[in-house]
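Data first, discussion second: the structure below is written as structure tokens.
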Amino acid sequence: MTKETKTRYYQALRHMAQTMSSATTARGTLRSVIKATARAMEVAGSALLLLDPDREYLIPVAASGLSDWYLRKGLLNAQKSLPEVLEGKAVAILDAATDTRLEYPESAAKAGIASLLCVPVTHRGEIIAELRVYSRQQRQFSRRDREFLATVADLCATVLERWRLEQALPGGPTAPTGAQMPRSPSPIAPISFAHPSEEEFARLLDFYRIDWVYEPRSFPLHWEDDKGSEMFTPDFYLPELDLYVELTTLKPRLAAEKNRKVRRLKQLYPDINIRLLNKKDYHRLLAKYGHGPLGEAKVEGIERVLLSTSQIQGRVRQLARLISRDYEGRQPLLIGVLKGVFCFLADLMRHITVPMSVDFMAISYYGENSEAVQITKDLDTNISGRDVLMVEDIVDTGMTLNYILRYLRARDPASLRVCTLLDKRVRRLIEVPLDYVGFEIGDQFVVGYGLDYRGEYRNLPFIGVLNPELREA
Ligand code: 5GP
């Protein structure tokens, strides 16, 4: 590597660090970092692709130097597009047109991309996104190039975490709060919707925490000289439901034209799931999946859905993967405190692949007639010398967990770790060590998926925010 390249990389990193400390929004920072990366590496473009909660799709959240057309070439499937990156490896492609590890080699060739380099973006040992750079000339990326890009990926992880916190904290820029990484590109790259009904549909999906991608992919419907002479780009793709959605108004002429296109698309691409919807239809569609004003999941007293069933399930699977990896060769004992944890613990343990056992305890809570906290149901197992994993539904002030950890430590386990589904960090009074966290959430009272309010709501398959008025009543 020449001295000049070294200086360029150093200056770029310095510039990025300055942007990180001065830019007001995470979104602005990411854009600037991505642009500076392409400039420093002297490549045509770069992109930061976020993994969706189920780790299936890659959603572009910031890009530089790539055509809109290329970014929308199709939703990238993380398992099909450079899958080795999901194992934590950096992957360099010398000839994008022929390399089978790319999902859309023909689009890369059409966009004039010859080579690319991709590195994972890791946060707390988990891959959350991918960072890619694209070169128009064939290029052998050097060790230094890889190191530079990996360093930028680390910076991106920090910014993404900040973004997530901005979303989760009350009063954050995107309040009302969300609890997970942004699911659609909307917060980063403002989308100009072609029609107000599309924007309304996007808002409705956001409200019910259903992932979406706007105009994800163009399908050729007719060809001339091997080129698509008529293209059709559905308005939305909903990865969770594997469904493309085209919205339509009730104007008969327009509706007929869209109907024709959708029919043709179904003929040509029978595997593609697509629906043509007008407003009434889409309320019905959401209802079918248990969301929306017509859905069964609409429950009296719930202000909004904070974490959908599929978000929870996706995260539970990830946590179980991490736990299985960390406890390889050992037989952990999972301990849950009744009752709130029973849904989470039941799902979590079914995805854990190492042999394990489970036990429960129960304690009295403040306001339940006892003067001081006490164990109302003790463990059936002797935990001395065991690898104990304490599983919690939610950590709020930390007082409950602190008490339980003290109790367990006194019984001499070989190791003691904590896994919690929800972490209300902003409310913490006592610092407690958390080894595995599902979602960090803001200061709001949540119910569902085992969590109750006065004994109710435990059976909701999602986690919702309880209407504060109901609590104060
Ligand atoms: P901590 O001792 O950390 O303040 O509180 C932990 C316990 O408080 C949890 O196990 C749970 O029972 C209850 N809790 C705290 N926040 C919430 C919440 O938002 N919803 C529900 N249902 N329970 C909560």
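The values are calculated or read from the model by the stated rules, or taken from the named source; none is laboratory data. Bear in mind that the values here come from a model prediction, so they are computed numbers and not experimental data. Every residue, glycine among them, receives a Cβ derived from its backbone with ideal geometry; neighbour counts consider all protein chains shown. Accessible surface is based on the protein model in full, side chains and every heavy atom, while ligands, DNA and RNA are left aside. Shrake-Rupley method; radii C 1.70, N 1.55, O 1.52, S 1.80 Å.
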Subject >> Three-way shape call for the range 403-458 based on the alpha-carbon gyration tensor, with the a/c threshold at 1.5 >> reply: prolate
Original post:
Taking the Cα centre of the range 328-473 as the origin, how large is its charge dipole in debye, to the nearest 20, when only Lys and Arg (+1) and Asp and Glu (-1) carry charge on their Cβ atoms?
Top reply: 220
Original post:
Over the range 404-473, what is the mean sequence separation of C-alpha contacts under 8 Å (at least six apart), divided by residue count, expressed as relative contact order in percent?
Top reply: 21
Original post:
So if R0 is 25 Å, what FRET efficiency would Asn382 and Ala346 give, r being the distance between their Cβ atoms, rounded to the nearest 0.05?
Top reply: 0.60
Subject >> Shape call, the range 310-458: gyration tensor on alpha carbons, a/c limit 1.5 >> reply: oblate
Original post:
Which whole-number percentage describes the relative contact order of the range 334-473, with Cα contacts under 8 Å and a sequence gap of 6 or more?
Top reply: 20
Original post:
Counting only protein chains, not ligands or nucleic acids, how are Tyr457, Tyr403, Tyr282 ordered by accessible area (probe 1.4 Å), most first?
Top reply: Tyr403, Tyr457, Tyr282
Original post:
What accessible area per residue comes out for the range 37-144, rounded to a whole number of Å², with a 1.4 Å probe?
Top reply: 40
**OP:** Might you work out the accessible area of Asp396 for me, using a 1.4 Å probe with all protein chains in place, and round it to the nearest 10 Å²?
**Re:** 40
Original post:
Which distance in Å, rounded to a whole number, links the C-alpha centroids of the range 299-336 and the range 393-407?
Top reply: 18
Original post:
Among Lys80/Lys266; Lys35/Lys89; Lys35/Lys110; Lys3/Lys35; Lys280/Lys424, which pairs are too far apart, with a Cα-Cα distance over 32 Å?
Top reply: Lys280/Lys424
Subject >> Protection-proxy order for peptides 94-105, 308-319, each taking the mean of Cβ atoms within 10 Å per residue, highest first >> reply: 308-319, 94-105
